[in-house]
Every structure is written in structure tokens, then in C-alpha cells.
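Following: one structure in C-alpha cells, then a few remarks.
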Amino acid sequence: MADTIREQIISAYVTRLDQITNGNGYNSNVGNSVFRALKIIEQEDLPACVLWPGIEESVNRYGQNECVFTVKVEAIMEFGDTNPSVIQEQLLGDLIKCMTDPEVVVTALIESIEYSGGGPADQPDSRETSTAVYAEFQIKYEFLVGNPYGQ
């Protein structure tokens with residue numbers, strides 16, 4: 001069976017995240033390991049990012065369901081000798097640019113994507129070697145009433 005419009009959008013953004021590399025002009029290489037809804041990331045998989053599809057709201061208008069759903073993206077990497085807060089700000093910038101760059105059409109299935117908030121997941125303690133941030137985005141799209149596979 002075909003994927004729903006929502007699934008196609010989620011898959012497109014999972015694929016898009018692999019662009020976050022130094023070679024593509026980003027501050028980090030968290031695109032080297034991209035996961036979907038994975039709670040535990042092994043140290044050997046770092047740097048990495050995880051996309052978490054979230055709750056959706058929908059309004060029925062003129063034969064269309066107008067939907068907005070949240071996507072949370074986490075980025076995790078080791079910080080070495082660099083202040084973790086500096087790394088966190090670089091990671092947050094990378095996520096926002098990758099997900100919302102107006103010069104890149106990730107998929108024509110969406111009407112819009114907006115950054116709605118984010119920041120440090122927490123500050124690492126003296127025993128930790130990695131740090132993380134998260135960013136949340138609101139994705140707006142439509143599908144036909146009764147047919148989540150078609151627009």
C-alpha cells in the first residue's frame with residue numbers, strides 16, 4: 001500500500017537531515033547518523049540526530065483536511081575540549097537551517113514549516129562526553145477528506 005502524505009513528509013525530512021555535514025557547510029556532522037524515533041543512541045553512532053514525529057491537529061475545509069503536526073529533532077555529539085554550550089548553539093543553528101532553509105524544497109507536499117522552539121536538552125555533567133539540543137517544527141499540509149494518501 002502507498003504511504004500517507006504525512007508519512008511521505010516525515011520520510012523526506014529524515015532524508016534531508018543527512019545533509020548536516022561539515023562538507024555541506026554546517027557546523028557539525030550530525031547528519032552522518034540519522035534515526036527516526038529511536039530513544040537510545042549508542043556512543044559509536046555519534047554524532048547523530050533523531051527525528052520524532054508528533055501530534056497532529058486537523059480542520060476540515062471544503063473537501064480538504066488542513067493539518068499541522070509537530071516534528072521534534074534532536075542532535076547529539078561529543079564536545080571534546082569545547083564548551084558544551086558552544087556546541088549546543090552550533091547544533092541548534094544546524095537543525096534550524098536544515099529544516100527551514102527557504103532555498104531548499106524538501107517536499108512539495110507541505111504548505112509550510114516553521115521553527116517553533118528549541119534549545120539545549122540539558123547541560124552535561126563532568127562525567128559526560130556528549131551534549132544535545134532539540135528543535136521543534138510545525139509542518140502544515142493538506143490531504144483529501146477520507147483519503148490521507150491524496151492531495
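Just so you know, all these numbers are worked out from the coordinates, no wet-lab data involved. Since the structure is predicted, the reported quantities are computational estimates derived from the model, not experimental observations. Cβ: placed from backbone, ideal geometry, glycine included. Neighbour counts: every protein chain shown.
Please state the relative contact order of the chain as a whole percent: Cα pairs under 8 Å, 6+ residues apart? Please list the in-between numbers first.
Values: 302 pairs, mean separation 39.3, N = 151.
Worked out over the chain, it gives 26 percent.
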- Return Val50, Val145 ranked ascending by Cβ neighbour count within 10 Å, so the fewest neighbours appear first. Val145, Val50
- Whole-Hz ³J(HN,Hα) from phi, Karplus 6.51 cos²θ - 1.76 cosθ + 1.60, for segment 145-150, glycine and proline x: 4, x, 9, x, 9, x
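Counting only helical runs of four or more DSSP H residues, what would the 222 nm mean residue ellipticity of the chain come to if each run contributes -39,500 (n - 2.57) and the total is spread over all its residues? Could you put the intermediate results ahead of the total?
On the way: 2 runs with 30 residues, N = 151.
-6500 deg cm²/dmol, from helical runs alone.
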- Message: Looking at the chain, identify the longest residue range that excludes and avoids all trypsin sites (Lys or Arg not before Pro) in DSSP loops having at most 15 other Cβ atoms within 10 Å.
- Response: 40-126
- Dipole of the chain (Lys/Arg Cβ +1, Asp/Glu Cβ -1, origin at the Cα centre): which of Asn60, Gly23, Val106 lies farthest to the positive side? Asn60
- Message: As I understand it, the value is the acute angle between the Cα axis of helix 5-17 and the longest principal axis of the Cα atoms of the chain; what does it come to in degrees, rounded to 10?
- Response: 20
- Relative to the chain, whose Cα atoms define the longest principal axis, helix 84-100 and its Cα axis are tilted in degrees, nearest 10, by 20
- Message: How large is the translational diffusion coefficient of the chain in µm² per second when you combine the Kirkwood radius over alpha carbon pairs with Stokes-Einstein at 25 °C and 0.890 mPa s?
- Response: 152
